[in-house]
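First up is the structure itself, then whatever we jot down about it.
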Amino acid sequence: MILHPSLITIANSENGVKVGSKKFTESVILGEMVSQLARSGGADVRYLKELGGTRVLWNSLLRGDIDIYPEYTGTIVEEILANEKIKVDKELKSVLAAKGIIMSDPLGFNNTYAIGMKEEVAERLKIKKISDLLKYPDLKFGLTSEFMNRGDGWPSLQKRYKLPQKNVRGIDHDLAYRGLEGGGIEVIDLYSTDAEIDYYNLRALEDDLNHFSNYNAVLLYRSNLKEIEPEALNEILNLQGQISENDMIKMNALVKIDGEPESEVASDFVRKKLSITTQPKKDTFLNRLGRNTLQHLFLVVVSLSAAIIISIPLGIWAYKSEKMGKAILGVVGIIQTIPSLALLVFMIPLLGIGATPAIVALFLYSLLPIVRNTYTGLHDIPSHIRESAEALGLSAFAKLRLIELPIASRSILAGIKTSAVINVGTATLGALIGAGGYGQPILTGIRLDNISLILQGAIPAAVLALLVQGLFDLSENFIVPKGLRLKEE
Amino acid sequence: MIKLEKVSKEFGSTTALYQTTLEFLPQSTTVIIGPSGCGKSTILRLIIGLIKPDGGVVYVEGEVLDEDNLNFLRHKMGYVIQEGGLFPHLTAKENVLLMAKCLGNGRTEIEDRMVELCKLTKFPVDALDRYPVQISGGQRQRVSLMRALMLNPDILLLDEPLGALDPLVRFELQNDLREIFQRLGKTVIMVTHDIGEAGFFGDKIVLLKDGQIVQLGNITDLVNNPSDPFVTSFINAQRTRLESII
Ligand SMILES: Nc1ncnc2c1ncn2[C@@H]1O[C@H](COP(=O)(O)OP(=O)(O)OP(=O)(O)O)[C@@H](O)[C@H]1O
Ligand SMILES: [Mg+2]
């Protein structure tokens, strides 16, 4: 198998810029701009997009698995540095600096919670600010459950503005937009840069009492980026103060609603606004499929091989020693109960992001079926056969090699097959921590609500699972001794 | 020479064998007989070292059986387990040759021995490459026997080698076996619960009941001088129904 060097691991190499982004469109676009600008500044760029959440990105940044990613001031204060209880925004820079992280100046837009209405309704009622809502106690609200439950969500907003409305329903985000269209709902919560603001022609009301915290977009980067790639950093920082809320809404809409690729949208913006020409990377379907397949196979092959090499001896050990058997089966059983997403995230502080932690997690998941089937396969050998082997005077090793393992081979193989199929499916989660594979188009598809993209990941993954299963079914003819296969005829 | 000296064996709360001393003379055939669960297999398993005695000592070839000499002594014993115990993933031939190959015995020597054994046990040579599921029950018993005889052991331990066979095959195999024993001059210990078979084979018969020896002697002793009413009832129970009807 030929492995692309970048598959091996995300090396903490001295040169180049490793850019990260979160798994929502705005972050992916910003990451795309940063990548293109860094490239135009002459740096080698590796863009790890759609990583699974704030914690993943922050920890990767601290470890140096990525050098830079877009973040929001509100998230930094309330989530990342929640324990530091930062009061003034000014403190923020120095607290971050102490951790070796630099925060850029704001990029220009504030992506905060907002209260929105249809433009025409707001216009008719002359509502510009949230305070204006006081005059209309009969307005119908449809709010997401997240917003209902947040500390700065509905209850505190209502208290702050003394809002009189009683007709407030919890509702799914997508349904909320449709409700607005149909007129069943007049007021919803949204993010101030949502693409839908443009699409549905909404008005985000001014937060005149400053209830919502600021979620100013900034770039967080490692302080050594200045020394390693000064020119690239200079290029990147051109973005400071350049992206308005309207710009961001437009770009989000271009991607989410018009289906344009993030790379093109980012490149257009940079060219128009900063007069910098960048090269968006073209990504064809086949290109993507090839890359994802390679990455996915790499994850599966390495983790499964390692699991086979370790699990079979563990299963044998469990069979030979009753005490160890209980311990071994107990431990691998417990590993299996850890939710896969949690396991992946546990790996990050230890192994960073990329293929390595994904492989370790997949390896751990593949243990149980093989260990257990090896153990039961050996354990279920009829005692008269085991005793015959012993009575012949075979050494323990010869007995294992010539009698016990061949007889247990079918069961062991079935265990490996189960592991392999689970492994192929679970590996799609690897995309969340930057390991790529078929999970990548699935993530993008979910983000863009694009079924065709989801299928570009889901179908190959299913095909691969079937192939793997077929391969193992075939291999049974070579691995399971003929005498054991005869019974079925 | 094989000897049990004050050997006893328990499984949990059941005593499979009470303290027993028993000697098996070289080149003689001893038959162990008794009702189901009386401890017949237990004696064989103690001799081949599959289980360890709770008390007493087992001697094989004059040596105390222990971990160190276990496999060495096992190569001097051929054992046919009650259920046959053929390895299902190996052909008849592979089953027979397994141990000899592991010991690195010469190829031609092994092949010659194989042919010899087929003749001896009347096993069809062209069935050698079949798997255990592909041959008849009687043929399986013959393969088990060939496997036990392969290394030309001085001692043969046979646990109901003719169980589960139809009367004709059984009759035929009984004749073949007795001929083999006589020709080869082995020390044979054989388990059965058929009194006719015991009389047919045994120079000496050991009658067991509930883990204890009830009587030890040849078939005429057992019939004419029973040491216990149990001996008589055991023998009479086995006189064929046919006799009582006709
Ligand atoms: N591994 C074991 N664990 C518990 N009890 C056992 C075990 N092996 C044998 N026994 C018991 O020891 C006693 C003697 O068993 P053994 O196998 O020697 O009987 P047997 O005379 O060979 O019977 P059969 O004619 O049915 O084969 C029986 O009561 C049996 O249940
Ligand atoms: Mg028995």
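The values are calculated or read from the model by the stated rules, or taken from the named source; none is laboratory data. Since the model is a prediction, treat every value here as computed from it, not as a measurement. Here Cβ is always computed from backbone atoms with ideal geometry, including for glycine, and neighbour counts include all displayed protein chains. The protein model used for the area step is the full one, side chains on, heavy atoms only, and it has no ligands, DNA or RNA in it. Shrake-Rupley method; radii C 1.70, N 1.55, O 1.52, S 1.80 Å.
Residues A:LEU448, A:LEU413, A:LEU368: which one is open to solvent by less than 40 Å² (accessible area, probe 1.4 Å), under 33 Å from the mean Cα position of the chain (by Cα) and within 14 Å of chain B (Cβ to nearest Cβ)? Going through A:LEU448, A:LEU413, A:LEU368 in turn, just one is open to solvent by less than 40 Å² (accessible area, probe 1.4 Å), under 33 Å from the mean Cα position of the chain (by Cα) and within 14 Å of chain B (Cβ to nearest Cβ): A:LEU413. Residue count for region B:176-193 satisfying the condition of being within 16 Å of ligand 1 (Cβ to nearest atom) and crowded, with 20+ Cβ neighbours inside 10 Å: 4.
If you check A:ALA358, A:ALA420, A:ALA391, A:ALA327, which single one turns out to be in contact with a strand residue (DSSP E or B) (Cβ under 6 Å, 6 or more places away or on another chain) and either buried (at least 22 other Cβ atoms within 10 Å of the Cβ) or farther than 26 Å from B:LYS101 by Cα (or both)? Write out each step before concluding.
Working: A:ALA358 fails: in contact with a strand residue (DSSP E or B) (Cβ under 6 Å, 6 or more places away or on another chain); A:ALA420 fails: in contact with a strand residue (DSSP E or B) (Cβ under 6 Å, 6 or more places away or on another chain); A:ALA327 fails: in contact with a strand residue (DSSP E or B) (Cβ under 6 Å, 6 or more places away or on another chain).
One residue alone meets the criteria, A:ALA391.
Note on region A:33-147: enclosed helices (runs of 4 or more DSSP H) holding 3 or more residues that are modelled with pLDDT under 90 are A:54-63, A:89-98.
Among the candidates A:GLY437, A:GLY393, the residue that is touching a His at 6+ places or on another chain (Cβ under 7 Å), away from chain B (no Cβ under 14 Å) and assigned to a loop (DSSP other than H, G, I, E, B) is uniquely A:GLY437.
Condition (residue is over 16 Å from A:ALA391 (Cα atoms), touching a Pro at 6+ places or on another chain (Cβ under 6 Å) and within 16 Å of ligand 1 (Cβ to nearest atom)) applied to region B:67-86: is it met by at least one residue? Before the answer, list the steps.
At the first step, the residues of region B:67-86 found to be over 16 Å from A:ALA391 (Cα atoms) are none.
Within region B:67-86 (the criterion being over 16 Å from A:ALA391 (Cα atoms), touching a Pro at 6+ places or on another chain (Cβ under 6 Å) and within 16 Å of ligand 1 (Cβ to nearest atom)), the answer is no, since none of the residues qualifies.
Only one of the numbered conditions (1) away from every other protein chain (no Cβ under 14 Å); (2) under 27 Å from B:PHE200 (Cβ atoms) is not met by B:ASP126, and that is (2). List the residue pairs whose Cβ atoms are under 6 Å apart, where the first residue sits in region B:3-20 and is not assigned by TED's automatic domain parsing to the domain that holds B:GLY211, the second is within 16 Å of ligand 2 (Cβ to nearest atom) and at pLDDT 95 or above, and the two are 6 or more positions apart or on different chains. Close Cβ pairs satisfying both conditions: none exist. Among the residues that make up region A:461-478, is at least one of them part of a loop (DSSP other than H, G, I, E, B) and within 14 Å of chain B (Cβ to nearest Cβ)? Scanning region A:461-478 turns up no residue that is part of a loop (DSSP other than H, G, I, E, B) and within 14 Å of chain B (Cβ to nearest Cβ).
Within region A:153-164, which residues are open to solvent by less than 40 Å² (accessible area, probe 1.4 Å) and more than 16 Å from A:LEU205 (Cα to Cα)?
So the first thing to find is which residues in region A:153-164 are open to solvent by less than 40 Å² (accessible area, probe 1.4 Å), and the list is A:153-154, A:156-157, A:161, A:163.
Once the filter is applied, which keeps residues that are open to solvent by less than 40 Å² (accessible area, probe 1.4 Å) and more than 16 Å from A:LEU205 (Cα to Cα), region A:153-164 yields only A:SER156.
State the number of residues belonging to region A:260-292 that are part of a loop (DSSP other than H, G, I, E, B) and more than 21 Å from the chain's Cα centre (by Cα). Steps first, please.
Restricting attention to region A:260-292, the residues satisfying the condition of being part of a loop (DSSP other than H, G, I, E, B) are A:260-261, A:275-284.
Pick out the ones that are also more than 21 Å from the chain's Cα centre (by Cα) and you get A:260, A:275-282, A:284.
Total meeting the criteria: 10.
When A:LEU239 is tested against (1) surrounded by fewer than 17 Cβ atoms within 10 Å (Cβ to Cβ); (2) touching a strand residue (DSSP E or B) at 6+ places or on another chain (Cβ under 8 Å); (3) in the same structural domain as A:LYS99 (by TED's automatic domain parsing), exactly one condition is not met: (1). Cβ-Cβ distances below 7 Å connect the following pairs, each with a first residue in region A:336-356 that is without any contact (Cβ under 8 Å) to a residue 12 or more places away in the chain, a second residue that is among the hydrophobic types (A, V, I, L, M, F, W, C), and a separation of six or more residues or different chains: A:LEU351/A:VAL360.
Of everything in region B:124-158, what is outside any helix (DSSP H, G or I) and either closer than 23 Å to B:GLY49 by Cβ or acidic (Asp, Glu) (or both)? Give them in sequence order.
Of all residues in region B:124-158, those outside any helix (DSSP H, G or I) come to B:124, B:128-131, B:135-136, B:150-158.
Correct list: B:ASP129, B:MET150, B:LEU151, B:ASN152, B:PRO153, B:ASP154, B:ILE155, B:LEU156, B:LEU157, B:LEU158.
Can you confirm whether region B:135-157 contains a residue that is within 16 Å of ligand 2 (Cβ to nearest atom), on the phi > 0 side of the Ramachandran plot and open to solvent by less than 40 Å² (accessible area, probe 1.4 Å)? Checking region B:135-157: not a single residue is within 16 Å of ligand 2 (Cβ to nearest atom), on the phi > 0 side of the Ramachandran plot and open to solvent by less than 40 Å² (accessible area, probe 1.4 Å). I'd like to know if region B:185-203 contains one or more residues that are among the hydroxyl-bearing types (Ser, Thr, Tyr), over 28 Å from A:GLU387 (Cβ atoms) and assigned by TED's automatic domain parsing to the domain that holds B:CYS38. Checking region B:185-203: not a single residue is among the hydroxyl-bearing types (Ser, Thr, Tyr), over 28 Å from A:GLU387 (Cβ atoms) and assigned by TED's automatic domain parsing to the domain that holds B:CYS38.
Could you tell me whether region A:298-305 includes any residue that is hydroxyl-bearing (Ser, Thr, Tyr), in a helix (DSSP H, G or I) and touching a residue at least 60 places away in the same chain (Cβ under 8 Å)?
Narrowing region A:298-305 to residues hydroxyl-bearing (Ser, Thr, Tyr): A:303, A:305.
With the extra rule that they be in a helix (DSSP H, G or I), the set shrinks to A:303, A:305.
Add one more test, that the residue is touching a residue at least 60 places away in the same chain (Cβ under 8 Å), and what stays is A:303.
Yes, region A:298-305 has at least one match.
Residues in region B:142-169 that are within 27 Å of B:PHE72 (Cβ to Cβ), within 16 Å of ligand 1 (Cβ to nearest atom) and in contact with a helix residue (DSSP H, G or I) (Cβ under 7 Å, 6 or more places away or on another chain): B:LEU157, B:ASP159, B:PRO161. Here B:ASP166, B:ASP210 are screened, and the one residue that is within 16 Å of ligand 2 (Cβ to nearest atom), away from chain A (no Cβ under 14 Å) and surrounded by fewer than 23 Cβ atoms within 10 Å (Cβ to Cβ) is B:ASP210.
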